[in-house]
Structure formats: structure tokens, C-alpha cells
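The values are calculated or read from the model by the stated rules, or taken from the named source; none is laboratory data. Computed from a prediction, not measured in an experiment: that's the story for all the values here. Glycine also receives a Cβ, built like all others from the backbone with ideal geometry; neighbour counts cover every protein chain displayed. Just the protein is used for accessible areas: all its heavy atoms, side chains included, with ligands, DNA and RNA removed. Shrake-Rupley method; radii C 1.70, N 1.55, O 1.52, S 1.80 Å.
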Amino acid sequence: MTATTAETDPATTGGHPQRWLILGVICLAQLVVLLDNTVLSVAIPSLTRELDASATDIQWMINAYSLVQSGLLLTAGNAADRYGRKKMLIAGLALFGVGSLAAGLAQSSDQLIAARAGMGIGGALLMTTTLAVVVTIFDDTERVKAIGLWATVNSLGFAAGPLIGGMMLNHFWWGAIFLINLPVVALGLFAAVVLVPESKNPQGDRPDLLGAVLSTIGMTAVVYAIISGPEHGWTSTHVLLSAALGVLVLGAFVRWELSIPYPMLDMHFFRNQRFIGAVAGAILVAFGMGGSLFLLTQHLQFVLGYGPLDAGLRTAPFALSIVALNLTGVGARLVRRIGTPATIAIGMVLVSSGLTAVALLGDDYSGMLLGLVAMGAGVAFSMPAMANAIMSAIPPAKAGVGAGINGTLAEFGNGLGVAILGAVLNSRFAALVPTVMGAASLPAALAAATSDGERERITDAFAAGLETSQLVGAVAVLAGGLLAALLLRRAERADSLKAAQ
């Protein structure tokens with residue numbers, strides 16, 4: 001197969017001769033992109049000390065990446081189809097590498113937040129083009145296996161961030177968790193230039209640049225209001241104006257998407273109960289995963305006293321449960337046996353149970369271990385089922401849009417989970433220790449304490465805040481899972497009635 005500017009058909013060529021080598025490099029690049037969604041969580045104590053970062057700064061360091069990435073995923077996919085997947089893959093790697101270098105050398109919280117936002121742009125291009133390239137270079141007989149491996153790397157990358165970050169921080173300073181990306185980016189660039197064939201659809205949809213800008217601004221404003229609530233007060237002008245701006249801009253985004261011929265997100269999809277159910281479930285699984293990992297690493301380090309590496313190692317059962325169940329295909333077999341709605345319900349109940357176990361039994365690691373395994377199993381069951389539900393609710397001609405929607409929901413849910421559960425933690429902490437501002441970090445509060453008794457009271461308040469926020473996450477995930485299952489069940493019954501008529 002030679003590089004071409006036309007849409008290639010690997011089914012007629014037997015696949016690219018170096019397809020497995022290309023897949024390996026793509027998966028490695030994809031792993032690094034996904035690790036950056038969660039790797040920062042174990043560096044929170046180091047960042048609060050060395051950059052004097054507040055809790056709000058920490059949340060923006062995490063959210064800047066995921067929010068920019070989520071806002072650009074659909075547009076990145078459209079641009080790759082129209083202008084060339086190889087070109088966009090190379091551009092994404094280059095942007096991600098420059099952002100990683102800037103993040104690793106950052107000297108302040110603001111610099112790190114800006115660098116993370118730049119990495120989010122590269123990450124959006126990579127998340128869409130890597131899957132597009134996989135589909136292009138494999139024929140029909142091997143494509144399912146290749147996409148399965150790509151999906152497994154997705155789960156591994158999301159869950160293994162704390163472990164990799166802990167290992168790096170055990171030997172190096174916090175900037176190393178970003179600089180380690182550079183050799184992988186260099187390898188990916190070389191492989192993309194030499195190995196990856198070009199493919200594009202000249203008649204593809206035009207990129208919806210205004211839609212990307214509106215969605216990113218709207219989501220950022222809403223999450224900013226959530227993060228700022230504990231510091232400024234939920235009814236303050238500062239928070240209300242930010243929330244109002246977010247709602248207005250997202251409303252403008254919806255109106256724009258309905259008025260143009262090539263929307264980033266076809267709003268007519270939301271008339272489909274199957275699609276709405278899958279969307280609700282996908283957002284809330286990501287909400288539970290992102291928020292819980294953000295809280296878990298702080299729980300392990302600040303409350304139970306583990307170092308960064310030990311904290312990362314103790315989150316490994318979560319990642320291992322997901323990978324083991326994905327590789328063995330248990331979730332897919334469960335969908336075939338009991339159906340998509342029931343599989344999603346079981347998975348979300350497990351995620352919710354895991355969060356509850358961590359909240360109530362987290363004073364001892366054995367109780368937390370039970371919760372981690374339950375959460376991992378729940379994610380392994382529910383995420384593939386929901387991705388399948390989203391794709392089946394969208395016409396085959398819009399399959400690329402469906403994949404972009406799935407990725408956008410995951411990124412948005414992750415950022416929302418960190419923001420909302422972090423805000424609950426800060427509010428509860430500030431309420432129990434009135435002398436501590438909601439935006440202050442635990443290390444700063446402990447440093448200001450004047451006695452052992454006051455330090456113990458502050459630690460207990462932080463632990464209580466963690467418990468409350470984890471329980472809020474458990475309730476949200478459970479409610480969302482049951483709602484998703486109900487909507488999907490109704491949609492299936494409606495489809496059955498139509499078929500019978």
C-alpha cells in the first residue's frame with residue numbers, strides 16, 4: 001500500500017504490510033496522551049509545595065488539558081478526514097511534544113496550566129487520528145482485533161496514570177512526568193513520517209471551527225464556576241456570571257449547530273432515546289472515574305500517608321481489573337447474553353458500589369482494594385456497552401462523528417468529575433475547618449497549624465470531605481446508570497414494536 005491522498009480501502013489490499021508495527025507505535029503514542037489525563041493526580045503534593053499551587057490551581061492544571069481536548073475532538077476528527085489523517089497525526093504529535101516540553105519546564109502554576117492547554121490541542125488530534133489510522137491500515141479480517149487492542153490501551157492509559165506518575169516522582173522532580181513524553185513523541189513522529197500512509201476524504205465535512213470555540217468556552221466557563229464556588233461563594237457575582245456565560249455560550253453552540261450544514265455535533269441525535277441513554281451513561285462513568293482517581297490519590301497520600309509511588313501502586317488493581325476484563329472480552333460476552341441495558345446497569349452499580357466502599361471503608365487499604373476492584377469491573381462492563389450503544393444509535397455514514405462524540409463525552413465527564421467532586425471536597429473541608437479557605441490546600445492548612453491537635457482536626461476534616469465527595473460521586477453514577485439503562489430499554493422496546501408492525 002502506498003501513500004495516497006484518496007480514501008484507501010485496506011479490505012482490497014490485505015492491509016498495510018507494516019500494520020502491526022504501526023499499531024504498536026500508535027498505541028504507545030495513544031497511551032502517553034491518555035496517561036496525561038490522570039498522571040498529574042499523584043503530583044499534587046509536589047506541585048502544592050514547589051509551585052505554591054492552591055486547590056483551584058491544581059484543578060485547572062488537570063481540567064485545562066481535558067477541557068481543551070474535549071472541545072476539539074469532533075473538529076479534529078473532521079479536519080483529519082478532510083485534510084489528511086497522516087498530516088493531522090504529525091501535527092498532533094508535534095503540538096503534544098511542544099506542550100510537554102513547556103509543561104516540564106514550567107516555573108509557575110499559570111505556565112503549567114497554559115502548557116497543559118496546549119497539550120490538550122495535540123491530544124485531541126492524536127485521539128481522533130490514531131483510531132482513523134488503525135481503521136485505514138487494517139483489513140476487515142483484522143480490524144476488530146486491532147481496534148480491540150487500541151481500546152484496551154485506552155483503558156490502561158486512563159487508569160495507569162497514577163502508577164506511572166508515582167514511579168517517576170519516586171526518582172525525579174515533578175516535571176519529569178511531562179518530559180518523559182518527548183522520546184515517545186520523537187519515535188511517533190519518525191514512524192508517522194516513514195510508515196503511516198496518507199488517507200483522506202476530499203468530500204468530507206468542513207471543520208466546524210466556531211462550534212469548537214463555542215463548546216470549549218462554554219464548558220470552561222461552567223467548570224470555572226464550579227471550581228470557584230467554594231472560594232468565592234456559590235451565590236457570588238463572580239460565580240454566577242461565569243455560570244451564566246457558560247450557559248449562554250453553550251446555548252449559542254446548540255443554535256449554531258442546528259443552523260449549519262456541517263455541524264460538529266448533529267443535535268438531531270438527541271431525539272433518539274438510545275443515544276440519550278448512552279450519552280448519560282458515558283458522561284457519568286467518566287465522571288466517576290475522573291473524579292474518583294483525583295480523590296483517591298489524595299486520600300492515599302494525605303490521609304493514609306503513602307508516598308507518590310506507593311499511592312500509584314495501590315491504585316493498580318483498578319487498572320488491572322479493567323485491562324484483564326477487556327482482554328478476555330467478558331463485557332462483550334455479557335452484552336450478547338443479557339443485552340446492552342442490563343450490562344450498563346450492572347457496570348454502573350459496580351462503579352457506584354466501589355466508590356461507596358472507598359468512602360466508607362477507605363480508612364484501611366483492604367477496604368479501598370475492594371472498592372478499586374469493583375470500580376474496575378464496572379468500568380470494563382459499562383464502557384464498551386455504552387460505546388456500542390452510541391455507535392448503534394447513529395447512522396453508519398456518521399460513524400466517525402459517533403467516535404468523536406464518544407471521546408468528547410469521556411473527556412467532558414472526566415473534567416466535570418474532577419471539578420464537581422473537587423468542589424464538594426473543598427466545601428466540606430472549609431465547613432469543618434472555618435479558618436481555612438476552601439481554595440487552600442491541605443499542606444498549607446497543616447503548615448499554618450499551631451498544635452498537634454489542630455493538625456489532627458485539619459486532617460480529619462479533609463478525610464470527611466473526601467468521604468462526602470466520594471459518596472456524591474457514587475449517587476450520581478448510580479442514578480445515571482439506572483437512567484441510561486431505562487432509556488435504552490425503552491428504545492429497544494420501541495424498536496421491537498416498530499419491527500413487529
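Only one of these is in contact with a Gly (Cβ under 9 Å, 6 or more places away or on another chain), among the aromatic types (F, W, Y) and more than 24 Å from A464 (Cα to Cα): F381, F318, F294, F287. Name it.
On inspection, the qualifying residue turns out to be F381.
Is it the case that some residue within region 306-326 is more than 26 Å from M167 (Cβ to Cβ) and open to solvent by 30 Å² or more (accessible area, probe 1.4 Å)?
Taking every residue of region 306-326 in turn, none turns out to be more than 26 Å from M167 (Cβ to Cβ) and open to solvent by 30 Å² or more (accessible area, probe 1.4 Å).
Quick one: what pairs do we get from region 453-467, first residue more than 14 Å from A430 (Cβ to Cβ), second not hydrophobic (A, V, I, L, M, F, W, C), C-beta under 8 Å, 6+ apart or different chains?
A463/H299; A463/D363; E467/G362
May I ask you to list the residues in region 139-160 that are at pLDDT 75 or above and more than 15 Å from the chain's Cα centre (by Cα)?
none
Assess whether L300 counts as being assigned to a helix (DSSP H, G or I) and modelled with pLDDT of 80 or more.
So L300 passes the test.
Considering only residues that are β-branched (V, I, T), at pLDDT 70 or above and open to solvent by less than 20 Å² (accessible area, probe 1.4 Å), which ones fall in region 373-415?
V379, I390, I405 - these are the residues of region 373-415 that are β-branched (V, I, T), at pLDDT 70 or above and open to solvent by less than 20 Å² (accessible area, probe 1.4 Å).
Which ones in region 258-305 are open to solvent by 30 Å² or more (accessible area, probe 1.4 Å), closer than 26 Å to G378 by Cα and in contact (Cβ under 8 Å) with a residue 24 or more places away in the chain?
The answer is N272, Q273, R274, I276, I283, L284, V303, L304.
Return the residues of region 346-360 that are farther than 8 Å from G378 by Cα, open to solvent by 50 Å² or more (accessible area, probe 1.4 Å) and aliphatic (A, V, I, L, M); say none if nothing qualifies.
Hit for region 346-360 is L360, nothing else.
List pairs: first in region 309-338 and within 25 Å of F172 (Cβ to Cβ), second outside any helix (DSSP H, G or I) and open to solvent by 40 Å² or more (accessible area, probe 1.4 Å), Cβ under 6 Å, 6+ apart or cross-chain?
These pairs meet every condition: L309/N170.
Can you name every residue in region 45-58 that is assigned to a helix (DSSP H, G or I) and either surrounded by fewer than 24 Cβ atoms within 10 Å (Cβ to Cβ) or at pLDDT below 75 (or both)?
Listed by number, the residues that qualify are P45, S46, L47, T48, R49, E50, A55, T56, D57.
Pairs only if they're at least six apart or on different chains, beta carbon under 6 angstrom, first in region 226-252 and under 22 Å from F429 (Cα atoms) and assigned to a helix (DSSP H, G or I), second modelled with pLDDT of 85 or more and open to solvent by 50 Å² or more (accessible area, probe 1.4 Å); list them, first residue then second.
Every condition considered, no pair remains.
Within the set of pairs 6 or more residues apart or between chains, which connect a residue that is over 14 Å from A103 (Cα atoms) inside region 53-79 to a residue that is crowded, with 24+ Cβ neighbours inside 10 Å and acidic (D, E) with Cβ atoms less than 6 Å apart?
S66/E411; Q69/E411; S70/E411
Considering only region 82-115, state which residues are open to solvent by less than 30 Å² (accessible area, probe 1.4 Å), closer than 24 Å to W150 by Cβ and either charged (D, E, K, R) or assigned to a loop (DSSP other than H, G, I, E, B) (or both).
G84, R85
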